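One structure below.
The values are calculated or read from the model by the stated rules, or taken from the named source; none is laboratory data. It should be emphasised that the depicted structure is a prediction, and the values quoted were computed from it without experimental measurement. Here the Cβ is made from the backbone with ideal geometry for all residues, glycine too, and neighbour counts use every protein chain on show.
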Amino acid sequence: MLHAPHHRTALGLGLGLAAAVTLGLTACTGGSAGSAGPAASSGAAGSSGRPHGFVEGASEAAEPQLRLLVADDTGALALHDLLAGDATDLDAVDAPEHAATDGRFLVTSDTDRTTIVDGGAWTVDHGDHTHYYDATARTVGTLPGGGPVAVASSESTTTVSWPDAGTAVALDRAALGQGEVTATARVAAAVLLPLGDRLVAGDAEQDRVVVLDAQGEPTGVTAACTDPAGGIVTRVGAVVGCADGAVLVTAADTPGEDATPTAEHLEAPADLPRATAFANRTGRPTVAALAGDTGAWLLDTRERTWEHVPTDRPLVAVTAVDDTDEHVVALDADGRMRVLSGTDRTAVTTEPLVPAGSVPALQVDAQRAYLADPDDRVVHEVDFADDARLARSIAVPVRPDVMAEVGR
């Protein structure tokens with residue numbers, strides 16, 4: 001979960017890197033990654049003669065290559081293949097205190113530095129068709145800076161943000177897939193998101209959202225946003241949370257060097273706790289957020305509408321599946337998974353799956369929800385569309401203090 005920044009620092013305009021910084025080179029086994037967000041492109045074959053969808057070092061599959069990356073609090077790391085059912089131990093990382101994922105890369109951090117792990121499975125949504133990729137999972141490298149961390153990706157760029165420190169970096173995503181940590185911009189911002197060939201930054205010092213070019217230079221597009229905190233990229237655009245709602249930045253209908261993105265403020269209903277972190281099934285237009293102890297927020301970025309969903313018990317995690325039945329999956333303070341569906345938000349609740357008061361990782365794909373249970377060293381797989389049925393509890397090689405579902 002992201003938190004509002006403790007330190008409000010000025011946005012580092014003009015901090016684009018003159019030269020890329022490359023860290024932690026390893027053997028070439030990955031590939032460029034994709035996104036279900038607005039930056040997805042047609043990916044047609046180019047002058048190289050390579051077939052459409054070709055990614056060096058990866059193989060293309062007929063279905064999502066779903067895996068669970070899990071790490072314990074010492075840094076022991078393992079990969080569980082949800083399709084084959086087998087598990088693989090990976091090289092250990094620094095003992096993680098915080099973690100985030102974009103559906104391919106797992107980013108962990110301690111107080112001093114951040115580690116990037118390639119889960120080796122990812123999905124590229126080109127709108128009218130989808131590519132599923134399989135490569136070797138491995139640790140890519142590290143970045144200086146620790147504390148709570150957030151990650152977001154487009155097809156060409158991955159952003160890593162440290163909200164409490166008010167700093168962020170944009171990375172070349174294709175290089176990440178090839179084992180290189182290559183920074184293309186550094187920005188002083190609480191939130192940094194990719195949007196096509198642009199960056200969207202939450203400027204806590206001046207209470208605004210700023211659209212930057214790929215090198216971190218301002219484009220002139222801004223929008224008011226008091227105390228920016230939390231961000232996510234959807235199929236529609238980039239969302240930055242504000243004290244009174246959110247700013248949605250959308251790309252121009254006609255891409256090009258002179259195309260100007262649009263930033264619009266989406267005001268949330270007043271007198272309710274604000275959203276500070278968003279989650280959804282990767283790329284989908286609707287996102288969910290906690291609304292303090294009152295329930296959840298749903299923000300439909302396509303319709304530009306907020307909905308407050310009250311609950312009788314406080315929630316500790318929530319995410320939007322955004323399927324035809326409008327499923328929303330949450331974990332309440334009693335350790336029970338709650339599944340809401342339909343426009344009337346009909347609720348189905350499981351028995352307690354984790355200890356009351358715990359806040360383990362909760363993630364969803366198109367068919368299942370995954371809830372880490374560190375105490376029992378399992379990950380619970382729940383069929384949210386079948387009355388929140390517990391499909392199985394998956395024994396994993398290490399205690400899942402950190403969990404990321406990759407391949408989504």
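Residues checked against (1) in contact (Cβ under 8 Å) with a residue 60 or more places away in the chain; (2) over 18 Å from THR260 (Cβ atoms); (3) surrounded by fewer than 24 Cβ atoms within 10 Å (Cβ to Cβ); (4) out of contact with any Asp or Glu (no Cβ under 6 Å at 6 or more places or on another chain):
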| position | (1), (2), (3), (4) |
| --- | --- |
| ARG173 | yes, yes, no, yes |
| THR184 | yes, yes, yes, no |
| GLY202 | no, yes, no, yes |
| ASP213 | yes, no, yes, yes |
| GLY216 | yes, no, no, yes |
| THR222 | no, no, yes, yes |
| PRO228 | no, yes, no, yes |
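Considering (1) closer than 20 Å to ALA190 by Cα; (2) surrounded by 15 or more Cβ atoms within 10 Å (Cβ to Cβ); (3) out of contact with any Gly (no Cβ under 8 Å at 6 or more places or on another chain); (4) among the charged types (D, E, K, R), the lone condition that ARG284 does not fulfil carries the number (1).
Among residues of the stretch 110-131 that are farther than 16 Å from ALA71 by Cα and free of Cβ contacts under 8 Å to residues at least 40 places away in the same chain, those with a Cβ under 9 angstrom from a residue that is surrounded by 18 or more Cβ atoms within 10 Å (Cβ to Cβ) and among the hydroxyl-bearing types (Ser, Thr, Tyr), sequence gap 6+ or separate chain, pair up as ARG113/THR142; THR130/THR123. Summed over the stretch 369-394, the residues that are of a type in the set (D, E, K, R) and out of contact with any strand residue (DSSP E or B) (no Cβ under 8 Å at 6 or more places or on another chain) give a count of 2. The strands (runs of 3 or more DSSP E) found wholly in the stretch 295-371 and carrying at least 1 residues that are buried (at least 23 other Cβ atoms within 10 Å of the Cβ) and of a type in the set (A, V, I, L, M) occupy 295-300, 315-320, 328-332, 336-341, 362-364. Restricting attention to the stretch 372-408, the residues that are assigned to a loop (DSSP other than H, G, I, E, B), more than 15 Å from the chain's Cα centre (by Cα) and surrounded by 19 or more Cβ atoms within 10 Å (Cβ to Cβ) add up to 8. I'd like to check something: does the stretch 270-284 contain any residue that is farther than 20 Å from THR319 by Cα and either touching a residue at least 12 places away in the same chain (Cβ under 8 Å) or of a type in the set (Ser, Thr, Tyr) (or both)? Yes: the stretch 270-284 contains one or more residues that are farther than 20 Å from THR319 by Cα and either touching a residue at least 12 places away in the same chain (Cβ under 8 Å) or of a type in the set (Ser, Thr, Tyr) (or both).
Just for the stretch 57-70: of the residues that are of a type outside the set (Asp, Glu) and farther than 20 Å from ALA369 by Cβ, which one is surrounded by the fewest Cβ atoms within 10 Å (Cβ to Cβ)?
Among residues in the stretch 57-70 that are of a type outside the set (Asp, Glu) and farther than 20 Å from ALA369 by Cβ, the one surrounded by the fewest Cβ atoms within 10 Å (Cβ to Cβ) is ALA62.
Looking at THR159, THR108, THR115, THR123, which one is modelled with pLDDT under 95, surrounded by 22 or more Cβ atoms within 10 Å (Cβ to Cβ) and assigned to a strand (DSSP E or B)?
Every option except THR123 fails the conditions.
Checking ASP300, ASP271, ASP312, ASP293 one by one, the residue that is more than 14 Å from the chain's Cα centre (by Cα) and at positive phi is ASP271 and no other.
Suppose the filter is of a type outside the set (D, E, K, R), modelled with pLDDT under 50, within 30 Å of THR219 (Cβ to Cβ) and not in a loop (DSSP other than H, G, I, E, B); does LEU13 pass it? The answer is no for LEU13. VAL151 falls short on exactly one of the conditions (1) under 25 Å from GLY196 (Cβ atoms); (2) part of a strand (DSSP E or B); (3) over 17 Å from the mean Cα position of the chain (by Cα); (4) not small (Gly, Ala, Ser), and that condition is (3).
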